[in-house]
Protein chains: 2
Amino acid sequence: MQSLGARTYLFPTPILLVGTYDEDYKPNLMTAAWGGICCSDPPCVSVSLRKATYSYSAIVARKAFTIGIPMESQVREADYLGLVSGRNVDKFAVSGLTVVRSALVDAPYAKEIPFVLECELVNSVELGLHTLFVGKIIDAKADESILTDDGRPDIAKLKPFSFDPVHQGYHGTGAFLGKAFSVGKQ
Amino acid sequence: MQSLGARTYLFPTPILLVGTYDEDYKPNLMTAAWGGICCSDPPCVSVSLRKATYSYSAIVARKAFTIGIPMESQVREADYLGLVSGRNVDKFAVSGLTVVRSALVDAPYAKEIPFVLECELVNSVELGLHTLFVGKIIDAKADESILTDDGRPDIAKLKPFSFDPVHQGYHGTGAFLGKAFSVGKQ
């Protein structure tokens, strides 16, 4: 094994579209890759943001956020949302996304992003450059076009993609490899 | 958008092989899916475990762990490592994996798993059923077979896979979709 130094490499890393309102109710979406589900009961998701970001201040102010998962076909929008700050730009407008105000938490999401978690802030952990925010998942919502017959999201329809923190690229989701809690029984 | 309830759905979700020593230095590997990178400086990774797990007690005792990322071809081993508790079984032996003692942190990893992060515990957050552990990444290590010409890990060689928390299946990594911080500039 070759040493690579203390690197933030992990595979796969998700593409999280963090939806927030600032103190004046201006909506914003920011792409983040440091996060994931962090508790089953209560259901919680974490996302880490730098203090310098506009979204950081918005989460601290509103104590709520949404996490949207874009599809492969939305890779340009997702990349754009990580390139500029919402402080100076209306990113929803520039990227052609429609603001939807959550009825459950004090945060917006985009109508065109087919999967979203609506979250209430329950914990903040200062780690250094990043602060880890823990959101309690109040509801998960999906566009009907990505549901299977059982009424749940289908990866083959959602086509989520991932971020490569080493070479900074995006990759799609590949073939089904096997059932969890099953293929290892042999 | 259709409401699905408060669900722990996120895409993609990683397959993290958590390596630990217990108080008697018995090595163990456990598969977890709730975690990810959570800070760039200092570089940190999080993983959430239930208190009932053998790995939970080991991390609390040793204040260190490793996070290995398996390849597609290791999907059976990865699934097995999430099916049984190391309290009663030597999971390294049963899965045919070789214990390597980290020279940097008080935890083991598997020689056959081609990518690993060696971590010191720096934070624990009680969230409910799960406790979120934050590990400071002391070193990332990769098998030479997965490196590109630039000496860094290549996703096309590592072939990492992901967990589908909805239908509980494993999926490979798909095609390259574009460069990050680039495709969204248009």
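The values are calculated or read from the model by the stated rules, or taken from the named source; none is laboratory data. In this text the structure is predicted, and so the values were computed from the model without any measurement. Cβ placement follows ideal geometry from the backbone for every residue including glycine, while neighbour counts extend to all protein chains displayed.
Values as computed for the structure displayed
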| quantity | calculated |
| --- | --- |
| Residues of the range A:125-172 classified as within 30 Å of B:K136 (Cβ to Cβ), more than 16 Å from the chain's Cα centre (by Cα) and touching a residue at least 24 places away in the same chain (Cβ under 8 Å), total | 3 |
| Filtered residues of the range B:98-126 (kept if out of contact with any helix residue (DSSP H, G or I) (no Cβ under 8 Å at 6 or more places or on another chain) and either at pLDDT below 95 or of a type in the set (A, V, I, L, M, F, W, C) (or both)) | B:V100, B:A103, B:L104, B:V105, B:V116, B:L117, B:C119, B:V122, B:V125 |
| Output for the range A:58-74, where each listed residue is within 12 Å of chain B (Cβ to nearest Cβ) and part of a helix (DSSP H, G or I) | A:E72, A:S73, A:Q74 |
| Qualifying residue in the range A:103-124 (condition: within 13 Å of chain B (Cβ to nearest Cβ), part of a helix (DSSP H, G or I) and either in contact (Cβ under 8 Å) with a residue 24 or more places away in the chain or more than 16 Å from the chain's Cα centre (by Cα) (or both)) | no |
| Test: A:V100 is more than 10 Å from chain B (Cβ to nearest Cβ), under 21 Å from B:Q2 (Cα atoms) and of a type in the set (V, I, T) | no |
| Scope the range B:139-186; condition part of a helix (DSSP H, G or I), within 7 Å of chain A (Cβ to nearest Cβ) and touching a helix residue (DSSP H, G or I) at 6+ places or on another chain (Cβ under 8 Å); matching residues | B:L158 |
| Count - residues of the range A:75-97 that are within 10 Å of chain B (Cβ to nearest Cβ) and either touching a helix residue (DSSP H, G or I) at 6+ places or on another chain (Cβ under 6 Å) or not in a helix (DSSP H, G or I) (or both) | 7 |
| Members of the range B:4-57 that are in a helix (DSSP H, G or I) and either β-branched (V, I, T) or under 24 Å from B:P165 (Cα atoms) (or both) | B:Y54, B:S55, B:Y56 |
| B:T173 being of a type in the set (V, I, T), buried (at least 16 other Cβ atoms within 10 Å of the Cβ) and in contact with a Gly (Cβ under 6 Å, 6 or more places away or on another chain) | yes |
| Among the residues listed as B:V122, B:V100, B:V116, the single one being farther than 28 Å from A:V125 by Cβ and of a type in the set (V, I, T) | B:V100 |
| Selected residue (criterion: farthest from the other protein chains (Cβ to nearest Cβ)) from residues of the range A:42-57 that are under 16 Å from the mean Cα position of the chain (by Cα) and small (G, A, S) | A:S55 |
| Hey, B:A6 touching an Asp or Glu at 6+ places or on another chain (Cβ under 7 Å) and either hydroxyl-bearing (S, T, Y) or within 13 Å of another protein chain (Cβ to nearest Cβ) (or both) or not | yes |
| Out of A:E112, A:E77, sole residue that is acidic (D, E) and buried (at least 21 other Cβ atoms within 10 Å of the Cβ) | A:E77 |
| Residue match in the range A:19-41 (condition: surrounded by fewer than 24 Cβ atoms within 10 Å (Cβ to Cβ), within 7 Å of chain B (Cβ to nearest Cβ), modelled with pLDDT of 95 or more and out of contact with any helix residue (DSSP H, G or I) (no Cβ under 6 Å at 6 or more places or on another chain)) | yes |
